[in-house]
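Student: Supplied in structure tokens, the structure appears directly below.
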Amino acid sequence: MALGLALACCLAWAVLLLGRGFFWLARDDDSDAATLPEPPRWPGVAAIIPARDEAETIGETVRGLLAQDYPGPFRLVVVDDRSTDGTGDVARAAAAGDPRLTVIRGRARPPGWTGKLWALEQGLAEALREPPGRLLFTDADIRHAPDSLRRLVQRAEAGGLVLVSLMARLRCASAAELWLIPAFIFFFQMLYPFRWSNDPSARTAAAAGGCVLLDRRGFQRAGGLAPIRGAIIDDCALARRMKGVGPIWTGLTERVESLRPYEGAGAIRRMVARTAYAQLGYNALTLAGMIAALALVYLAPPALALLAGGPARWLGLLAWGGMALAFAPTLRRFGMSPLRGLALPGIAAAYMLFTLDSAFAEWRGRGGMWKGEAGPRADRATGAD
């Protein structure tokens, strides 16, 4: 039995290493952005930030966007989604009177919409008063390098792309972040291999909601936000819609950085738990199957290496080594030793617990919370939708 389990572990890692678009190499990034041709005409861009109680970071986000070296017309809409901490005032102060900023006060979420998408929808109504060529959806805790927008538009225009998204570099300073954040990037790419997402002939479609540049006409052809208004994993839902009307591209970056701190494991747990069960289609059987698969892939190899004997032990060591090898490129992007990859089984166990917590929250009617507000599934449970 141990030998059969060991063979299954090795087969699983062979598939992950060779059969999922080489996601683990973490090479799909925007490091080539400066070499892309400049467009003959720079389209107008309107950026929209949904913000609820983001006074701590919104100022830096606004200053970074208004300091872009973008050659074309640019304006910024901040949707102050009923904040209680002065988010809108902080945004205005950061702009220092720059007329390119508009702050609007958000209205209560109607049934059927998630909070973030409803805030974006209200921002769109303002941004489309003078329709721009491109739309930028970004978060209130994102720091943009001065050339961020210019490089995004260069890539979009050079490739005729209807969506360009960058996975923001997440903060990695606290002990919890050092151990858990690189794995978040690794697991995201495992679920949505960027090479597949960027291939027009592949079904996979991925985006990272912190930085999404859209072709406005393509976005309108895809139906806007209304078709995905109830999506918890809204960035990938939007990517699927946009891939239906044209090519998309998603990659890693050093130009876009998250300012959100995760001082403890509990904060990371809440981030993961918000969407994990939605990723599984809210299906308990799928959840059970996923936990079993993760146990085979991540927990069985070290267990075999430490507890089994004979060929099963060696195969367990081989699978564990393959696991560490796969994690090494992501660790290097964060400036960490590849030896940390040996701890991936324990890190994966933590993410398994976060996923179970996501299911428990959904079963208690607290799933998909955004800024303390329940989402569309809670609306249906109460008959509000």
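The values are calculated or read from the model by the stated rules, or taken from the named source; none is laboratory data. The model shown is predicted, which means the values in this text are computed figures rather than measured ones. Cβ: placed from backbone, ideal geometry, glycine included. Neighbour counts: every protein chain shown.
Student: Suppose the filter is of a type in the set (Lys, Arg) and modelled with pLDDT of 95 or more; does Arg169 pass it? Quick ask: steps written out before the conclusion?
Tutor: Details: of a type in the set (Lys, Arg): yes; modelled with pLDDT of 95 or more: yes.
Yes; evaluated as a whole, the condition is true for this residue.
Student: Just to verify a result, which residue in the stretch 166-184, among those that are in a helix (DSSP H, G or I) and not aliphatic (A, V, I, L, M), is surrounded by the most Cβ atoms within 10 Å (Cβ to Cβ)? Lay out the reasoning, then the answer.
Tutor: Within the stretch 166-184, the subset in a helix (DSSP H, G or I) is 175-184.
Applying the additional criterion that residues be not aliphatic (A, V, I, L, M) yields 177, 179, 182, 184.
Numbers: Glu177: 22, Trp179: 18, Pro182: 24, Phe184: 20.
The extreme case among them is Pro182.
Student: Same structure again: Return the only residue of Met271, Met242 being surrounded by fewer than 22 Cβ atoms within 10 Å (Cβ to Cβ), part of a helix (DSSP H, G or I) and of a type in the set (A, V, I, L, M, F, W, C). Break it down into steps so the answer makes sense when it comes.
Tutor: Working: Met242 fails: surrounded by fewer than 22 Cβ atoms within 10 Å (Cβ to Cβ).
The conditions single out Met271.
Student: Can Glu257 be described as charged (D, E, K, R) and in contact with a Lys or Arg (Cβ under 6 Å, 6 or more places away or on another chain)?
Tutor: Numbers: charged (D, E, K, R): yes; in contact with a Lys or Arg (Cβ under 6 Å, 6 or more places away or on another chain): yes.
Here the answer is yes, as Glu257 does meet what is asked.
Student: Among the residues of the stretch 330-346, count how many are assigned to a helix (DSSP H, G or I), over 19 Å from the mean Cα position of the chain (by Cα) and buried (at least 16 other Cβ atoms within 10 Å of the Cβ).
Tutor: Step one: filter the stretch 330-346 for residues assigned to a helix (DSSP H, G or I), giving 330-333, 338-346.
Adding the requirement that they be over 19 Å from the mean Cα position of the chain (by Cα) leaves 332, 338-346.
Narrowing further to those that are buried (at least 16 other Cβ atoms within 10 Å of the Cβ): 340-341, 344-345.
Number satisfying all stated conditions: 4.
Student: Here's another thing I want to ask about it. Would you call Arg105 farther than 20 Å from Leu259 by Cβ, touching an Asp or Glu at 6+ places or on another chain (Cβ under 6 Å) and surrounded by fewer than 22 Cβ atoms within 10 Å (Cβ to Cβ)?
Tutor: On the way: farther than 20 Å from Leu259 by Cβ: yes; touching an Asp or Glu at 6+ places or on another chain (Cβ under 6 Å): yes; surrounded by fewer than 22 Cβ atoms within 10 Å (Cβ to Cβ): yes.
Taking the combined requirement at face value, the residue satisfies it.
Student: May I ask you to list the residues in the stretch 1-42 that are among the basic types (Lys, Arg) and either touching a Cys at 6+ places or on another chain (Cβ under 8 Å) or within 23 Å of Arg333 (Cβ to Cβ) (or both)?
Tutor: Taking the stretch 1-42 first, the residues among the basic types (Lys, Arg) are 20, 27, 41.
Arg20, Arg27, listed by residue number.
Student: While we're looking at this one, here's another question. With respect to Gly230, determine if the residue is among the small types (Gly, Ala, Ser) and either more than 22 Å from Glu362 (Cβ to Cβ) or part of a loop (DSSP other than H, G, I, E, B) (or both). Spell out how you get there, then give the answer.
Tutor: Numbers: among the small types (Gly, Ala, Ser): yes; either more than 22 Å from Glu362 (Cβ to Cβ) or part of a loop (DSSP other than H, G, I, E, B) (or both): yes.
Criteria met by Gly230.
Student: Taking the residues in the stretch 201-227 that are in a loop (DSSP other than H, G, I, E, B) and of a type in the set (S, T, N, Q) as candidates, determine which candidate is surrounded by the fewest Cβ atoms within 10 Å (Cβ to Cβ). Before the answer, list the steps.
Tutor: Kept after step one, since they are in a loop (DSSP other than H, G, I, E, B), are these residues of the stretch 201-227: 201-210, 222-225.
Now drop any that are not of a type in the set (S, T, N, Q), which leaves 201, 204.
Working: Ser201: 5, Thr204: 20.
By that ranking, first place goes to Ser201.
Student: Continuing with the same structure: Just checking, how many residues over the stretch 91-116 are in contact with a strand residue (DSSP E or B) (Cβ under 8 Å, 6 or more places away or on another chain) and of a type outside the set (Gly, Ala, Ser)? Lay out the reasoning, then the answer.
Tutor: We begin by selecting, within the stretch 91-116, every residue in contact with a strand residue (DSSP E or B) (Cβ under 8 Å, 6 or more places away or on another chain); these are 91-92, 95, 100-106, 109, 114-116.
If we keep only those that are of a type outside the set (Gly, Ala, Ser) too, we end up with 92, 100-105, 109, 114, 116.
Of the residues in the stretch 91-116, 10 are in contact with a strand residue (DSSP E or B) (Cβ under 8 Å, 6 or more places away or on another chain) and of a type outside the set (Gly, Ala, Ser).
Student: If you don't mind, there's one more thing I want to ask. Could you tell me how many of the residues in the stretch 64-89 are within 16 Å of Phe137 (Cα to Cα) and in a helix (DSSP H, G or I)?
Tutor: Going through the stretch 64-89 one residue at a time, the tally reaches 3.
Student: Can you tell me which condition Gly368 does not meet? The list is (1) surrounded by 15 or more Cβ atoms within 10 Å (Cβ to Cβ); (2) at pLDDT 70 or above, and all the others hold.
Tutor: (2)
Student: Here's another thing I want to ask about it. Between a residue in the stretch 150-169 that is under 22 Å from Ile185 (Cα atoms) and any residue that is among the basic types (Lys, Arg) and part of a helix (DSSP H, G or I), which pairs come within a Cβ distance under 8 Å, given they are 6 or more apart or on different chains?
Tutor: Leu163/Lys243; Val164/Arg155
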